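Beneath this line is the structure, given in C-alpha cells, with notes to follow.
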Amino acid sequence: MKLNRIKDVLDEKGISQTWLAKQVGKSFSTINSYACNRYQPDLETLLAISKILQVDLKDLITNENERQ
C-alpha cells in the first residue's frame, strides 16, 4: 500500500533521494525508507519535504486523480 508519493514527486522533478536527504537533514537511508513507503515521515518532516520540493503537501500524499 502506497501511503506517500515522495518517490513519484522526486522522479517527476528529477531530484535524487541523496539531495533531498541533505536538504532535510536526514540520512539517505531514512529518506529511502520514506520513498519506498517502509516508514512514514511525521507531519513536520512531510511539511519540510513539501517546502523543499516546492509542492503542495497534499501532492505528497495523493495524486490529482485520487482527489477528484
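Read-outs throughout are calculated quantities, based only on the coordinates presented, and are distinct from any laboratory measurement. It should be emphasised that the depicted structure is a prediction, and the values quoted were computed from it without experimental measurement.
Shape index of the chain: Rg/Rh, with Rg the Cα radius of gyration and Rh the Kirkwood radius from the inverse mean 1/r over Cα pairs, equals 0.93.
Which value at 222 nm does the chain reach when only helices count, each DSSP H run of 4 or more adding -39,500 (n - 2.57), with the total divided by all residues and rounded to the nearest 500 deg cm²/dmol? Value at 222 nm, helices only: -14500 deg cm²/dmol. Using C-alpha pairs below 8 Å separated by at least 6 residues, the relative contact order for the range 6-57 is 31 percent.
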